[in-house]
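Reviewing the structure listed below.
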Amino acid sequence: MTTSSSSRRWPRVPGIAFGGDYNPEQWPEDIWAEDIALMGEAGVSMVTVGVFSWALLEPTQGNYDFGWLDRVMDLLAGAGIGVDLATATASPPPWFSHRYPESLPVTREGHRLWHGARQAYCPSSTAYRAGSTALAGALAHRYGTHPALVMWHVNNEYGCHTPECFCDASAAAFRRWLRERYGDLDRLNEAWGTAFWSQHYSDFDEVVPPRLTPASNNPTQTLDWKRFCSDELLACFVAERDVLRAITPDVPITTNFMGAFKPIDYFSWAPHEDVVSDDHYLMGADPAKHIRLSMSADLMRSLGGGNPWILMEQSTSAVNWQPRNVAKAPGQLKRNSLQHVARGADAICFFQWRASGSGAEKYHSGMLPHAGTDTRVWREVVALGADLKTLAEVAGSAVECDVAIVWDWPAWWAVELDSHPSTDVQYLDLVQATYDAFWHLDVTVDFVRPDADLSGYKIVAVPSLYLVSDDAAANLTRYVEGGGHLVCNFFSGIVDPDDAIRLGGYPGAFRQLLGVRVEEFYPLLEHQTVTLADGSTGRVWTELLTPAGAQVVTTYVDGPLPGSPAITRREVGSGVAYYVTTLLDAASTQRLLHGVCDAAAVATRSGENNAGAPIINADGIEAAGIETIRRRADGASYLFVINHTDREVDVPATGLELLSGTPTAGSVHVAAGGVAVVRDDGAIDARSHAAVG
Ligand code: GLA
């Protein structure tokens with residue numbers, strides 16, 4: 001599915017924007033000129049300014065000191081560098097919490113958190129709302145017509161450290177939210193199932209957040225709390241956004257997301273901003289970190305409805321907040337950055353411009369390292385700036401993709417609530433298992449809400465959608481009836497939006513669509529695996545299933561349910577619905593999805609790689625590690641080839657390789673760890689060509 005970017009507002013920066021967080025307030029003013037000159041050398045076109053500068057902008061309440069920021073804005077405007085100006089509200093200054101101690105957040109255990117780090121505010125604090133909107137308004141009045149201003153950056157990484165607060169003000173706000181959701185207490189009592197454990201409420205004032213309790217909290221109360229916390233932070237964003245919009249209606253507004261961040265339902269947030277932006281950091285110890293990068297990028301593109309998005313932060317090399325902070329290998333900076341571009345990012349930015357000399361993040365890499373410009377990082381930054389310039393024409397094109405994975409925050413929150421059949425059912429594990437299989441098959445995917453328009457997709461995968469509304473279940477059913485291929489995993493369709501079991505047999509909402517009836521779950525012990533008749537193995541889960549219209553694809557040969565169906569398939573209308581009752585090993589997931597891709601006419605990589613070895617190796621795992629992604633615009637098509645391997649490869653492509661300016665006839669050569677971007681006629685599908693080599 002592709003979407004045009006014309007309906008979205010985008011910062012007024014040509015081509016692919018390049019830059020990072022610029023925190024000049026951390027440095028003496030006499031080095032600012034050097035900063036600007038070096039930004040010019042690197043080709044920086046946009047910087048984010050002022051993210052943590054509330055204390056300097058408003059040193060005492062209501063007294064603003066904009067002098068230093070005026071000079072920074074003027075310098076940047078003079079150099080033709082656009083400013084994504086932060087509203088600076090992510091970290092209230094010490095004077096603020098000193099004056100409004102009730103604005104400090106409280107943990108579930110009842111501890112108040114202090115200032116002295118960052119993000120020490122309660123999202124429901126009236127003082128915080130008033131202070132943050134006042135500052136946003138003052139900045140909009142001051143800089144709304146400044147030539148450097150290209151975008152507003154509201155707050156920063158909402159909820160990163162303080163996604164929830166359990167103070168009395170939050171409790172009161174929660175009750176207001178619940179009144180709005182349920183109207184009356186009877187409905188709340190019914191939704192929360194309060195007949196259980198003597199939890200019936202007779203007055204709204206008795207309702208509190210799910211604070212520390214002697215046993216498991218009421219699950220629906222906890223689920224509603226998560227919904228409330230996401231909404232309450234959104235209200236903070238919307239309050240600032242509305243102030244900015246009223247004063248500067250033409251300036252686009254964003255706030256930076258954090259990828260697959262559990263506390264915030266970004267699908268409900270994204271429509272409230274003009275541009276989706278994201279911060280993505282690699283987890284150094286994760287061997288699949290390059291796949292996590294792709295997944296996060298695909299999620300961001302999907303949140304914005306397919307429109308270009310902004311990579312607001314990544315690191316040039318090591319971060320400072322992991323146990324062991326791994327430096328990036330040579331070439332990784334470019335590969336990571338262009339991987340984001342391939343998946344729809346039209347801006348590549350970093351945290352941060354100049355590595356800090358003091359403070360908690362002084363060991364975090366920057367574009368300009370402590371050691372200065374005679375460094376590998378600096379040289380790679382400059383080279384990346386030049387590469388992005390050569391890719392300017394790619395900006396605005398849309399990523400092509402015909403497979404979607406359903407992603408739903410409320411289902412995530414609900415499936416991981418307490419007292420479930422198995423703590424091993426972890427939402428991200430399930431989504432990632434599906435995503436990784438498609439990644440290895442070189443199939444680009446979108447993420448969609450379960451109630452989204454699915455008509456543009458040939459395959460829709462549903463990794464454990466535990467909670468689902470009737471409407472969303474009907475939407476997925478219609479998709480299959482209309483000819484779609486759906487692959488649904490276990491523990492789906494189990495509860496309604498109140499977290500109440502859909503009675504009559506599992507998988508509740510999908511029983512009919514899948515043509516199965518499950519009478520009991522048989523989760524596996526930690527590390528226990530089961531074998532299936534087709535040779536697959538599974539872990540985490542099995543269940544006692546009786547077909548009711550579905551064919552059995554394969555059965556369990558051991559484990560708690562030998563002989564019982566493990567995978568089923570049902571033709572519905574002109575489509576097909578598969579049901580998978582265990583967490584298949586990676587190779588088997590890939591094999592299953594490969595078959596579905598073939599049936600749905602979705603191109604996958606197949607055949608052999610350049611070493612003559614099968615792409616799917618003996619363990620069944622794709623061994624090539626090469627991504628091909630296509631972006632298209634009116635009259636132009638761009639094939640991105642990202643080589644994550646330590647071998648050079650040749651990939652079918654005929655056109656112009658933009659990074660080197662070299663015409664390619666038949667194939668493009670991509671160095672080990674390298675990237676190629678070929679403008680071609682879009683006719684050749686590199687994946688369908690067996691040999692990359
Ligand atoms: C986040 C924040 C930045 C910085 C980086 C460090 O993304 O937004 O201010 O702390 O992390 O990785």
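The values are calculated or read from the model by the stated rules, or taken from the named source; none is laboratory data. Here the structure is a predicted model, which means the values were calculated and not measured. Cβ atoms come from the backbone with ideal geometry, glycine included; neighbour counts cover every protein chain shown.
Of the residues Trp378, Trp353, which single one is farther than 21 Å from Gly259 by Cα, at pLDDT 95 or above, within 16 Å of the ligand (Cβ to nearest atom) and crowded, with 18+ Cβ neighbours inside 10 Å?
Values: Trp378 fails: within 16 Å of the ligand (Cβ to nearest atom).
Of Trp378, Trp353, the one residue that is farther than 21 Å from Gly259 by Cα, at pLDDT 95 or above, within 16 Å of the ligand (Cβ to nearest atom) and crowded, with 18+ Cβ neighbours inside 10 Å is Trp353.
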Task: His340 within 16 Å of the ligand (Cβ to nearest atom), in contact with a helix residue (DSSP H, G or I) (Cβ under 7 Å, 6 or more places away or on another chain) and either closer than 19 Å to Asp278 by Cβ or not in a loop (DSSP other than H, G, I, E, B) (or both) - done: yes
Task: Inter-residue pairs, beta-carbon under 6 Å, first free of Cβ contacts under 8 Å to residues at least 60 places away in the same chain and in segment 646-661, second charged (D, E, K, R), 6+ apart - done: Ala653/Asp680; Thr654/Asp680; Gly655/Arg679; Gly655/Asp680; Leu656/Arg679
- [ ] Could you tell me whether segment 492-514 includes any residue that is out of contact with any helix residue (DSSP H, G or I) (no Cβ under 9 Å at 6 or more places or on another chain), acidic (Asp, Glu) and surrounded by fewer than 24 Cβ atoms within 10 Å (Cβ to Cβ)?
- [x] no
Task: Residues of segment 238-259 classified as out of contact with any helix residue (DSSP H, G or I) (no Cβ under 6 Å at 6 or more places or on another chain) and within 15 Å of the ligand (Cβ to nearest atom), total - done: 3
Task: Residues located in segment 481-538, provided they are closer than 24 Å to Asp408 by Cβ and among the β-branched types (Val, Ile, Thr) - done: Val487, Ile494, Val495, Ile501, Val516, Val518
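Rundown of residues vs (1) among the small types (Gly, Ala, Ser); (2) modelled with pLDDT under 95; (3) away from the ligand (no atom under 16 Å from the Cβ), yes/no style:
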residue: Asp279; (1), (2), (3): no, no, no
residue: Asp286; (1), (2), (3): no, yes, no
residue: Ser296; (1), (2), (3): yes, no, no
residue: Gly306; (1), (2), (3): yes, no, yes
residue: Glu313; (1), (2), (3): no, no, no
residue: Ala318; (1), (2), (3): yes, no, no
residue: Arg324; (1), (2), (3): no, no, no
residue: Lys328; (1), (2), (3): no, no, no
residue: Gly331; (1), (2), (3): yes, no, yes
TODO: Go through (1) within 18 Å of Thr162 (Cα to Cα); (2) polar (S, T, N, Q); (3) without any contact (Cβ under 8 Å) to a residue 40 or more places away in the chain one by one and return the number of the condition Gln221 breaks.
DONE: (1)
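Matching residues to (1) over 30 Å from Phe196 (Cβ atoms); (2) touching a residue at least 24 places away in the same chain (Cβ under 8 Å):
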{"site": "Ala461", "(1), (2)": "yes, yes"}
{"site": "Asp498", "(1), (2)": "no, yes"}
{"site": "Gly504", "(1), (2)": "no, no"}
{"site": "Phe510", "(1), (2)": "no, yes"}
{"site": "Glu526", "(1), (2)": "no, yes"}
Open item on the list: Would you confirm, using the coordinates I've provided, whether Phe166 is surrounded by 17 or more Cβ atoms within 10 Å (Cβ to Cβ), touching a residue at least 24 places away in the same chain (Cβ under 8 Å) and outside any loop (DSSP other than H, G, I, E, B)?
Closed with: no
- [ ] Please determine, by comparing only the residues of segment 208-241 that are of a type in the set (Gly, Ala, Ser) and part of a helix (DSSP H, G or I), which one is nearest to Lys262 (Cα to Cα).
- [x] Ser230
TODO: Go through segment 402-415 and give me each residue that's in contact (Cβ under 8 Å) with a residue 60 or more places away in the chain and in contact with a Phe, Trp or Tyr (Cβ under 8 Å, 6 or more places away or on another chain).
DONE: Asp402, Val403, Ala404, Val406, Trp407, Asp408, Trp409, Trp412, Ala414, Val415
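Just one of Ala452, Ala345, Ala414 is within 16 Å of the ligand (Cβ to nearest atom) and crowded, with 20+ Cβ neighbours inside 10 Å; which is it? Working first, answer last.
Details: Ala452 fails: within 16 Å of the ligand (Cβ to nearest atom); Ala414 fails: within 16 Å of the ligand (Cβ to nearest atom).
Sole residue among the options that is within 16 Å of the ligand (Cβ to nearest atom) and crowded, with 20+ Cβ neighbours inside 10 Å: Ala345.
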Task: In segment 51-68, residue surrounded by the most Cβ atoms within 10 Å (Cβ to Cβ) [restricted to those that are touching a residue at least 60 places away in the same chain (Cβ under 8 Å) and farther than 11 Å from Leu135 by Cα] - done: Val51
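Provide a single number: the residues in segment 113-144 that are in a loop (DSSP other than H, G, I, E, B), more than 16 Å from the ligand (Cβ to nearest atom) and crowded, with 19+ Cβ neighbours inside 10 Å. Working first, answer last.
Kept after step one, since they are in a loop (DSSP other than H, G, I, E, B), are these residues of segment 113-144: 113-125, 144.
Subset that is more than 16 Å from the ligand (Cβ to nearest atom): 113-115, 122-125, 144.
Those still in the list that are crowded, with 19+ Cβ neighbours inside 10 Å too: 115, 122-125.
Of the residues in that region, 5 qualify.
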Open item on the list: I need a count of the residues in segment 145-159 that are over 12 Å from Ile253 (Cα atoms) and either more than 26 Å from the chain's Cα centre (by Cα) or in a strand (DSSP E or B) (or both).
Closed with: 4
Open item on the list: Any residue that is farther than 22 Å from Ala676 by Cβ and in a strand (DSSP E or B) - is there at least one of those in segment 319-329?
Closed with: no
Task: Residue check for Pro14: surrounded by fewer than 16 Cβ atoms within 10 Å (Cβ to Cβ), touching a helix residue (DSSP H, G or I) at 6+ places or on another chain (Cβ under 8 Å) and closer than 30 Å to Val341 by Cα - done: yes
Task: Of all residues in segment 309-334 being more than 19 Å from Ala360 (Cβ to Cβ) and in contact with a Lys or Arg (Cβ under 8 Å, 6 or more places away or on another chain), the one that is surrounded by the most Cβ atoms within 10 Å (Cβ to Cβ) - done: Trp309
